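Colleague: This is the structure I have questions about; it appears just below.
The values are calculated or read from the model by the stated rules, or taken from the named source; none is laboratory data. From a predicted model like this one, the values you see are computed outputs, not experimental measurements. As a convention, Cβ positions derive from the backbone with ideal geometry for all residues, glycine included, and neighbour counts pool all protein chains shown. Protein only, heavy atoms only, side chains kept; ligands, DNA and RNA dropped before computing areas. Shrake-Rupley method; radii C 1.70, N 1.55, O 1.52, S 1.80 Å.
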Amino acid sequence: MSNPVCVEVTRGNLVESRHRGSVAVVDGDGKLVLSLGDIESGVFPRSACKAMQALPLVESGAADAYGFGNMELALACSSHSGEDAHVALAASMLARAGRDVSALECGAHWSFEQKTTIHQARTVGKPTALHNNCSGKHSGFVCACCHQDIDPKGYVGYDHPVQQQIRATMQSLTGTPLGHDNCGTDGCSIPNYAVPLRSLAHGFAKMATGNGLEPLRAKASRRLFEACMAEPFYVAGTGRACTKLMQVAPGRIFAKTGAEGVFCAAIPEQGVAIAVKCDDGSARAAETMVAAALSRFFEKGSEVHAGLTEMANKAMSNWNGIHVGDIRAAAALTA
């Protein structure tokens, strides 16, 4: 059975493209609040799970030892745009552990954002690993290693101690056995594990509520969520969906995207978390899906609901500024 059409893209009066996908909304006790499509098959969360991967940084005491505040913790959970402030903060995190860019094993790439790429080309000549969108997360890994007297060399490897810590953390949060059978290699070279969408949402709901978590993990989870919500720019960057979603409702929404059409979010005050997957991997569709799903949990007519609805239904213009169509949430999401 096919997943439902969640997003439509129009041109003129016709639907030009359709994006199918699945959505799971779960509370802290594991109760399914909303379900669309197949939420039991494994999906790779990719970068959407970075807040889970950052837990050892906080739980080990490394974040406190190096004096990390909200900006550093948000960057540790980020897929940033490589803007100057992101790059400088990642370098600062490494410096506090006595390390530099040479410790990073994420690889180097130009920013995914055109304006930032042009700026980089004009100012740095070529990107370094600090410009990698995952450099904040990787800096967190290096710092967690250094604080625990673990050699960070090879920290991207499946058997490295920090990856063992992350694997155990994610397995506990999602309730999904993780191992070689459901492991792939992420774009930044670390292991990434396929888990059911429902389990991914439940893991984030536990982080948002503390339900079923030991006090240390509950406190660390709350700290990471609060850091991201306080500093949304450092989670993504200028004009990015993660940043904009959290700015719609400051301190009330946590949101994090992942590659290949995955997006996760949580509303801590309501004790629910959301995980979506667009079947064809489209980022534009995943952004519409998560915004539409979030809007269901805020009162119609409120400023937050209006802001989320606007993000879920976007007008498209051509290079002459002429309105040519729309990206919109389909009936399956809005019913």
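Colleague: So if I check each of His147, His180, His202, which one is surrounded by fewer than 21 Cβ atoms within 10 Å (Cβ to Cβ) and over 23 Å from Phe68 (Cα atoms)?
Modeller: Working: His147 fails: over 23 Å from Phe68 (Cα atoms); His202 fails: surrounded by fewer than 21 Cβ atoms within 10 Å (Cβ to Cβ).
Just a single option satisfies the conditions, and that option is His180.
Colleague: Restricting to the stretch 301-335, count the residues that are open to solvent by 30 Å² or more (accessible area, probe 1.4 Å), in contact with a strand residue (DSSP E or B) (Cβ under 8 Å, 6 or more places away or on another chain), in a loop (DSSP other than H, G, I, E, B) and under 22 Å from Gly37 (Cα atoms).
Modeller: Summing the residues that are open to solvent by 30 Å² or more (accessible area, probe 1.4 Å), in contact with a strand residue (DSSP E or B) (Cβ under 8 Å, 6 or more places away or on another chain), in a loop (DSSP other than H, G, I, E, B) and under 22 Å from Gly37 (Cα atoms) in the stretch 301-335 gives 1.
Colleague: Follow-up. Residue check, Tyr155 against (1) hydroxyl-bearing (Ser, Thr, Tyr); (2) surrounded by fewer than 21 Cβ atoms within 10 Å (Cβ to Cβ); (3) in a loop (DSSP other than H, G, I, E, B), all met but one. Which one?
Modeller: Going through the list (1) hydroxyl-bearing (Ser, Thr, Tyr); (2) surrounded by fewer than 21 Cβ atoms within 10 Å (Cβ to Cβ); (3) in a loop (DSSP other than H, G, I, E, B), Tyr155 breaks only (2).
Colleague: Given the conditions (1) under 27 Å from Arg223 (Cα atoms); (2) of a type in the set (Ser, Thr, Tyr); (3) part of a helix (DSSP H, G or I); (4) over 18 Å from the mean Cα position of the chain (by Cα), report the number of the one that Thr169 does not fulfil.
Modeller: Unmet condition: (4).
Colleague: Go through the stretch 186-268 and tell me which strands (runs of 3 or more DSSP E), entirely inside it, have 2 or more residues that are farther than 25 Å from Val5 by Cα and in contact with a Gly (Cβ under 8 Å, 6 or more places away or on another chain).
Modeller: Values: elements: 191-193, 254-258, 262-267.
Qualifying strands (runs of 3 or more DSSP E): 191-193.
Colleague: Any idea how many residues of the stretch 24-49 are open to solvent by 10 Å² or more (accessible area, probe 1.4 Å) and in a helix (DSSP H, G or I)?
Modeller: Residues that pass the stated criteria total 2.
Colleague: Next question. Within the stretch 283-292, does at least one residue satisfy the condition of being surrounded by fewer than 24 Cβ atoms within 10 Å (Cβ to Cβ), at pLDDT 95 or above and basic (Lys, Arg)? Spell out how you get there, then give the answer.
Modeller: Narrowing the stretch 283-292 to residues surrounded by fewer than 24 Cβ atoms within 10 Å (Cβ to Cβ): 283-284.
Next, from what is left, pick out any that are at pLDDT 95 or above: 283-284.
Going one step further and asking which of them are basic (Lys, Arg), we end up with 284.
The answer is yes; a qualifying residue exists.
Colleague: What tally of residues in the stretch 298-335 results from selecting those that are in contact (Cβ under 8 Å) with a residue 40 or more places away in the chain and not aliphatic (A, V, I, L, M)?
Modeller: The qualifying residues number 6.
Colleague: Here's another thing I want to ask about it. Give the number of residues within the stretch 234-252 that are farther than 15 Å from Phe263 by Cα and either under 13 Å from the mean Cα position of the chain (by Cα) or among the charged types (D, E, K, R) (or both). Spell out how you get there, then give the answer.
Modeller: Restricting attention to the stretch 234-252, the residues satisfying the condition of being farther than 15 Å from Phe263 by Cα are 234, 237-239, 247-252.
Remaining after also requiring either under 13 Å from the mean Cα position of the chain (by Cα) or among the charged types (D, E, K, R) (or both): 234, 237, 252.
Going through the stretch 234-252 one residue at a time, the tally reaches 3.
Colleague: Inside the stretch 50-99, counting only helices (runs of 4 or more DSSP H) that do not spill past its ends, which hold 1 or more residues that are crowded, with 17+ Cβ neighbours inside 10 Å and among the small types (Gly, Ala, Ser)?
Modeller: Values: elements: 50-53, 55-59, 62-65, 70-76, 84-96.
Hits in the stretch 50-99: 50-53, 62-65, 70-76, 84-96.
Colleague: Which condition does Ser17 not pass, out of (1) more than 28 Å from Asp181 (Cα to Cα); (2) among the polar types (S, T, N, Q); (3) assigned to a helix (DSSP H, G or I), if it passes all the others?
Modeller: Failed condition: (3).
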